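The values are calculated or read from the model by the stated rules, or taken from the named source; none is laboratory data. Bear in mind the structure is a predicted one, so any value in this text is a computation, not a measurement. Glycine gets a Cβ as well: all are built from the backbone with ideal geometry, and neighbour counts include every protein chain shown.
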């Protein structure tokens, strides 16, 4: 992370209180979803993300699949819906499904 803790604190003080509260809510929401993982799964995600260094090609196909499976356990769709709802007050548009008609395959 760039900057000293004091400079980061100074930047936080410049943010309006409403934004700070929204940021705090998002942090708590992310923590809740991250907490769905077991400790060894959390460590493994961190190890894979560090190994990738922002580039999926730095991981093997098996490691990418493992990372994807671990992240799926955190329920990312629910996280995004909750985050958008908290920040904007408007729910994320859902995927609309056409009801199946009897007799259609």
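Yes/no matrix, rows are residues, columns are (1) surrounded by 13 or more Cβ atoms within 10 Å (Cβ to Cβ); (2) at pLDDT below 90; (3) over 12 Å from the mean Cα position of the chain (by Cα):
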position: 10; (1), (2), (3): no, yes, yes
position: 17; (1), (2), (3): no, yes, yes
position: 29; (1), (2), (3): yes, yes, no
position: 48; (1), (2), (3): yes, no, yes
Quiz item: residue 54 is checked against (1) out of contact with any helix residue (DSSP H, G or I) (no Cβ under 9 Å at 6 or more places or on another chain); (2) part of a helix (DSSP H, G or I) and fails just one. What number does that condition carry?
Solution: (2)
Quiz item: In the list 40, 33, which residue meets the criterion of being surrounded by 15 or more Cβ atoms within 10 Å (Cβ to Cβ) and part of a helix (DSSP H, G or I)?
Solution: 33
